[in-house]
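Bear in mind these aren't lab numbers, they're just calculated from the coordinates by the rules spelled out. The structure displayed is predicted, hence computed values, not measured ones. Glycine also receives a Cβ, built like all others from the backbone with ideal geometry; neighbour counts cover every protein chain displayed.
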Amino acid sequence: MGATLLSCVLLLLWPPSAQADVLVQPDFDANKFSGLWYVVSMVSDCKVFLGKKDHLLMSTRDIKASAGGNLSVHMEFPWADGCNQADAEYLRVGAQGHFRVPALGYLDVRVVDTDYSSFAVVYIYKELEGALSTMVQLYSRTQEVSPQALEAFQDFYPTVGLPADMVTMLPKSDVCSLGDRDAP
């Protein structure tokens, strides 16, 4: 028990060096960021992700701005056995566009780049199964990714130490219904 508590305290006091250099989208606007997004690509050093990345499909995020700059997020993940869904509250930390999501083990989430209408690059530093990892997701308002979006994603993820061989472009799926509706 004491070792676990000490580990948690050290984790809070010792942020990774890559995390400190990640900036948030200037003048982030949660209302403009709200709406339907597709997660079209991901890169991560998470062992669980790396073991499953070749089997992942495009998922969705339905985002709504809430009080105090928080985001309410409904997620749908297609799997072979159907559509898995989850809801999470992204709690604002300091600047607009900077969050934590305790329910998902996300210690640090930052919207690092977005034009609101077509793409967003989202940085996530998380804990899963006792291991810390970094993930970067590319969001798109449609299931097709624009060259501008792909360039922003490819320019960013190496800055947090993630190599190209950990990237996956996610195939489309019609397992979940959220993506069937029109994006804003």
Spacing of the two label points (7 Å from each Cα toward its C-beta) at THR168 and LEU128, in nm: 0.9
Principal axis dimensions, region 62-114 - Cα atoms, whole angstrom, descending: 39, 22, 20
Spread of Cα-to-Cα distances over 5 Å intervals beginning at zero, given as percent, for region 107-162: 4, 19, 29, 21, 14, 9, 4, 0
Qualifying GluC sites (Glu not before Pro) in region 96-184, DSSP loop, other Cβ atoms within 10 Å at most 12: GLU129, GLU144
Two-site label geometry, THR142 and ASP81: point separation in nm, points 7 Å out along Cα→Cβ: 3.5
Overall Cα dimensions of the chain - principal axes, largest extent first, Å: 50, 36, 30
Likely footprinting exposure, HIS55, HIS98, fewest C-beta neighbours within 10 Å first: HIS55, HIS98
Cα-based Lys pair tally, the chain, threshold under 26 Å, eight or more apart or on separate chains: 12
Estimated inter-spin distance, LYS64 and THR159, nm [label 7 Å along Cα→Cβ]: 3.3
Dipole moment magnitude, nearest 20 debye, region 25-174 about Cα centre, only Lys, Arg, Asp, Glu C-beta charged: 200
Potential lengthening between SER72 and LEU50 on full extension [0.36 nm per residue; Cα-Cα distance subtracted]: 5.2 nm
